[in-house]
Amino acid sequence: MNPAATSWLIATGQGWKLYVALAGFGGSLVLFSLALFSLASGGNRFVAFVACGGFLSVATFGWFTTVVRCPHCASRLVWRMVTTRPHSSWVIELAALDCCPLCGKALVTGRRPQ
Ligand SMILES: [Zn+2]
């Protein structure tokens, strides 16, 4: 595989953070689905499931925005993309970054952020 085609998240050893975030969002989706099923069967656990799903998704998002960093300047790149790009495309633009939008250094050649 061409190294240039590898996402910088993988190249800088931060790919696992993406999978943890996906697992967290998947878990919140399951909780929201359970809330709907609970509503259909009486609804006595609806609020608990929605509260847990909401907490899990907010916690996952908050964690993900702070842990993915530029290997050079340690800026919070997910947060940067969320706040500066359209909400429909920030994930794609984040994955496709070549250079850090703040310090301008190439991300793929970077090392793990400290
Ligand atoms: Zn940077």
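Tabulated results
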item	result
Considering residues of segment 80-100 that are surrounded by fewer than 18 Cβ atoms within 10 Å (Cβ to Cβ) and within 13 Å of the ligand (Cβ to nearest atom) only, the residue farthest from Thr6 (Cα to Cα)	Cys99
Residue in segment 67-81 that is outside the structural domain of Ser38 (by TED's automatic domain parsing) and at positive phi present	yes
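The values are calculated or read from the model by the stated rules, or taken from the named source; none is laboratory data. Since we're looking at a predicted model, the values are computed, not measured. Cβ coordinates were reconstructed from backbone atoms using ideal geometry, including for glycine residues, and neighbour counts include every protein chain displayed.
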